[in-house]
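> Below you'll find the structure I mean.
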Amino acid sequence: MAAILGGGLGGLSAGYYLLKNNVTTNSNLKLYLLEATSYCGGWIKSIKNKDYIFEQGPRTIRPKGIMGLNTLNMMEDLGLSEHVAPIKPDHPAAKNRMIYVRNSLHVLPSSLKGVFKKNEPFSKPLIYALFNDIKQPHKELSDDSIYNFVERRFGKEIADYAISPMICGICAGDAKEISVKFLLKTLFEWEQNHGGVVKGLMKSLFKTKNDDNLELSALARRAQEEKWSVYTIKGGLQTFPHTLHNYLKENDVDVNLNTRVEEIEFVDSGTVSLKKTDGEVLNANHVYSSIPAYSLANLVQKQHPKLAQILRDIPFVTVGIVNLYFKTDKPLITPAFGFLVPPIENSPILGVVFDSCCIPDQNGTVLTVMLGGRWFEQKFGNNVTEEKLQKIAIKEISGILNIKETPTACNVNILKQCIPQYVIGHYERVEKIRNYILNNNLPISLIGCSYDGVGINDVIYSAKTQVEEDCP
Ligand SMILES: Cc1cc2nc3c(=O)[nH]c(=O)nc-3n(C[C@H](O)[C@H](O)[C@H](O)COP(=O)(O)OP(=O)(O)OC[C@H]3O[C@@H](n4cnc5c(N)ncnc54)[C@H](O)[C@@H]3O)c2cc1C
């Protein structure tokens, strides 16, 4: 018997790949999924109404790269192709991504042509950043913050106005703490191995590309041909985990909702006991843990305090989400993906997504304001109410977007410890955790957003890799 711990996208994907690898049929293995709450999907939650969709967690998925294509393969296999709503390159949400600096919104360049022009708030065309890279002396490092790296190679303006807001948008984090390997691993390797990004890029052009060996579904091929920027799911992203949940149930996976595990005991290299809060114990041969690292730390604390300590060293941040709906005939915003606010602006908000532009079938103007992240406690303290966050969000967007209307509907959520922070040394930390598990022969695989990437594609791909490692 194998047990999957957690029914977020990581746990559901582990179930999907275990089934696809015929683990249950070949080894006659019963599969259990244990989820603490009353639903599967974890942070993916959509509120659907006839006029609007409020996404409380993620809303868009990137189709690019091997991980993006892998997710599209899964979508097609689950019968979701018809539900996919792509944003193509000519769509305003693909072209118009903005930052809010010094009291105004600025559109970031979205094409090669744009980097040759001077764009506010940058003082020079972005192409000048490459000269900075060529001039810089070599500096040997094993890791660095993404901010330091970008400032060193491309200058302070790019670090402040391009990378820092992007890190806020991806993981609600501080670029000054996040590892350069989180987003720019290849560029960092070029710097370390070839003395600079431009030099590394030149050398890489003469190398033959590795083939990824991923067979592409029709949906993945369509995304490549039509050059999708991002995509979402009609009717709300929650359809995705919902469909995965049904797929698992149809294939005899025993999905247990409202089932929180409070302790794990490793008996030997092929037996592990999972103690549930109702006192019942489930014995499994292997556990796939997709719960956040800090939650797993609590479960292994008694038997493996050292492992628990390294798991706790992966920090998480809290994000406030305010979804707003304005029932208006004309949109209250100019079409765009939305805007991000660089931390240097010291604003309570991280950014705003223009959902009515990115998500189809919305009848009015829908916006999502994201607040706090790495600065949540610093800006709002530990006891901020949802009403207070709503007031702050409405005040900010009324100032920035000049919206004077009162929202017709609003939903506020404080997502506690929802996004892991891949701070400097993260990848070495994860290696240490996996080495501990290997050296102690613990029958557990680690999946989910704490380890191998924070986005939807990363979580799915990590589940695939971990499952395939166990059953080659
Ligand atoms: C606000 C926000 C916006 C995001 N936007 C995007 C986006 O636009 N695009 C993108 O690609 N990614 C985005 N992400 C990231 C994406 O949501 C995550 O990568 C993904 O949902 C993580 O899935 P997971 O399974 O690893 O974790 P979770 O979703 O955290 O699932 C873990 C599950 O484990 C359960 N659990 C915890 N402890 C126990 C226990 N002891 N016993 C049993 N069950 C337990 C929890 O209840 C939960 O259901 C966003 C994340 C957030 C928070």
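> Can you confirm whether K391 is of a type in the set (D, E, K, R) and more than 19 Å from the chain's Cα centre (by Cα)?
yes
> Ok, one more. Among the listed residues I437, I424, I460, identify the single one that is more than 16 Å from the ligand (Cβ to nearest atom), buried (at least 20 other Cβ atoms within 10 Å of the Cβ) and aliphatic (A, V, I, L, M).
Details: I437 fails: buried (at least 20 other Cβ atoms within 10 Å of the Cβ); I460 fails: more than 16 Å from the ligand (Cβ to nearest atom).
So the residue among I437, I424, I460 that is more than 16 Å from the ligand (Cβ to nearest atom), buried (at least 20 other Cβ atoms within 10 Å of the Cβ) and aliphatic (A, V, I, L, M) is I424.
> Related question: Could you list all residues from the stretch 386-399 that are open to solvent by less than 50 Å² (accessible area, probe 1.4 Å) and within 16 Å of the ligand (Cβ to nearest atom)?
Answer for the stretch 386-399, where residues must be open to solvent by less than 50 Å² (accessible area, probe 1.4 Å) and within 16 Å of the ligand (Cβ to nearest atom): L389, A393.
> Further question: Can you find a residue in the stretch 133-143 that is without any contact (Cβ under 8 Å) to a residue 40 or more places away in the chain, under 24 Å from E396 (Cβ atoms) and surrounded by fewer than 20 Cβ atoms within 10 Å (Cβ to Cβ)?
No: the stretch 133-143 contains no residue that is without any contact (Cβ under 8 Å) to a residue 40 or more places away in the chain, under 24 Å from E396 (Cβ atoms) and surrounded by fewer than 20 Cβ atoms within 10 Å (Cβ to Cβ).
> Exactly one of (1) among the polar types (S, T, N, Q); (2) farther than 30 Å from I444 by Cβ; (3) touching a Gly at 6+ places or on another chain (Cβ under 8 Å) is unmet by T239. Its number?
Tallying (1) among the polar types (S, T, N, Q); (2) farther than 30 Å from I444 by Cβ; (3) touching a Gly at 6+ places or on another chain (Cβ under 8 Å), T239 fails exactly one: (3).
> Tally the residues that are within 16 Å of the ligand (Cβ to nearest atom) and of a type outside the set (V, I, T), restricting the search to the stretch 463-472.
Final tally of qualifying residues: 3.
> I've got another one for you. So which strands (runs of 3 or more DSSP E) stay within the stretch 54-158 end to end and still have 3 or more residues that are away from the ligand (no atom under 15 Å from the Cβ) and not hydroxyl-bearing (S, T, Y)? I'd like the intermediate steps shown before the answer.
Numbers: elements: 84-87, 97-101, 104-107.
Qualifying strands (runs of 3 or more DSSP E): 97-101, 104-107.
> One residue is enough: does the stretch 111-119 have a residue meeting the conditions modelled with pLDDT under 95 and under 27 Å from N457 (Cα atoms)?
Quick first cut of the stretch 111-119, residues modelled with pLDDT under 95 only: 111-119.
Then drop every residue that is not under 27 Å from N457 (Cα atoms), which leaves 111-112.
Within the stretch 111-119 (the criterion being modelled with pLDDT under 95 and under 27 Å from N457 (Cα atoms)), the answer is yes, since at least one residue qualifies.
> Being assigned to a strand (DSSP E or B), under 28 Å from N256 (Cβ atoms) and open to solvent by less than 60 Å² (accessible area, probe 1.4 Å): is that true of Y32 here? Break it down into steps so the answer makes sense when it comes.
Details: assigned to a strand (DSSP E or B): yes; under 28 Å from N256 (Cβ atoms): yes; open to solvent by less than 60 Å² (accessible area, probe 1.4 Å): yes.
Answer is yes for this residue.
Here's the yes/no breakdown for (1) more than 27 Å from L296 (Cβ to Cβ); (2) buried (at least 17 other Cβ atoms within 10 Å of the Cβ); (3) over 20 Å from the mean Cα position of the chain (by Cα):
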position	(1), (2), (3)
D51	yes, no, yes
Q56	no, yes, no
T60	yes, yes, no
P63	yes, yes, no
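> If you don't mind, another one. Check N346, N383, N402, N411 and return the single one that is within 16 Å of the ligand (Cβ to nearest atom) and surrounded by fewer than 19 Cβ atoms within 10 Å (Cβ to Cβ).
Values: N346 fails: within 16 Å of the ligand (Cβ to nearest atom); N383 fails: within 16 Å of the ligand (Cβ to nearest atom); N402 fails: within 16 Å of the ligand (Cβ to nearest atom).
One residue alone meets the criteria, N411.
> Which count do you get for residues in the stretch 440-450 that are under 12 Å from the mean Cα position of the chain (by Cα) and more than 9 Å from the ligand (Cβ to nearest atom)? Steps first, answer last, please.
Let us first name the residues in the stretch 440-450 that are under 12 Å from the mean Cα position of the chain (by Cα), namely 448-450.
Retained after the next criterion (residues that are more than 9 Å from the ligand (Cβ to nearest atom)): none.
The number of residues fulfilling the criteria is 0.
> Follow-up. Answer yes or no: is there a residue in the stretch 253-265 that is of a type in the set (K, R) and within 14 Å of the ligand (Cβ to nearest atom). It would help to see each step written out before you state the result.
We begin by selecting, within the stretch 253-265, every residue of a type in the set (K, R); these are 260.
Of the ones still in play, those that are also within 14 Å of the ligand (Cβ to nearest atom) are 260.
Yes, there is a match, as at least one residue in the stretch 253-265 is of a type in the set (K, R) and within 14 Å of the ligand (Cβ to nearest atom).
> I'm trying to understand the selection: among the residues of the stretch 7-29, which are assigned to a loop (DSSP other than H, G, I, E, B) and either away from the ligand (no atom under 13 Å from the Cβ) or open to solvent by less than 10 Å² (accessible area, probe 1.4 Å) (or both)?
Within the stretch 7-29, the subset assigned to a loop (DSSP other than H, G, I, E, B) is 7-8, 21-22, 27-29.
Listed by number, the residues that qualify are G7, N21, N22, S27, N28, L29.
The values are calculated or read from the model by the stated rules, or taken from the named source; none is laboratory data. The structure presented is a predicted model; accordingly, all values stated were derived computationally and were not measured. Every residue, glycine as well, gets a Cβ built from its backbone with ideal geometry; the counts of neighbours run over all protein chains shown. Note: areas computed on protein heavy atoms with side chains; ligands, DNA, RNA excluded. Shrake-Rupley method; radii C 1.70, N 1.55, O 1.52, S 1.80 Å.
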